[in-house]
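Structure first, commentary second.
The values are calculated or read from the model by the stated rules, or taken from the named source; none is laboratory data. Please read these numbers as outputs of a predicted model, since none were measured by experiment. Virtual Cβ from ideal backbone geometry, glycine too; neighbours counted across all protein chains shown.
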Amino acid sequence: MTYDQSQFDAWPALMSPKVLAELLEVSTKTLERWRRLPNMGPRFVQPPGSSLIRYTRDDVVAWLCADRNDKE
């Protein structure tokens, strides 16, 4: 099975950790752990001087596709 980016068109373009955790069916703690580990989880955006974390749909889809391709 491969991912088609159009499968994710309904996902928000910019997601909070809570929203992404719900979509991936993982906890926000899992996302937090992935952020601390190198090369784990999708890329995230954090404005300088802010604790705000956001994920873009494109980065999440790219991560899902790369992770899937690595295991095939």
β-branched (Val, Ile, Thr) and either in contact with an Asp or Glu (Cβ under 8 Å, 6 or more places away or on another chain) or at pLDDT below 90 (or both): does that describe Thr2?
-> yes
Being assigned to a loop (DSSP other than H, G, I, E, B) and touching a helix residue (DSSP H, G or I) at 6+ places or on another chain (Cβ under 9 Å) is the filter; apply it to the stretch 17-32 and report the residue that is nearest to Ala66 (Cα to Cα).
-> Val26
What pairs can you find where one residue is in the stretch 33-56 and closer than 14 Å to Val19 by Cα and part of a loop (DSSP other than H, G, I, E, B), the other is modelled with pLDDT of 95 or more and of a type in the set (S, T, N, Q), and their Cβ atoms are less than 9 Å apart, with a gap of 6+ or different chains?
-> Pro42/Thr56; Phe44/Thr56; Leu52/Ser16; Ile53/Ser16
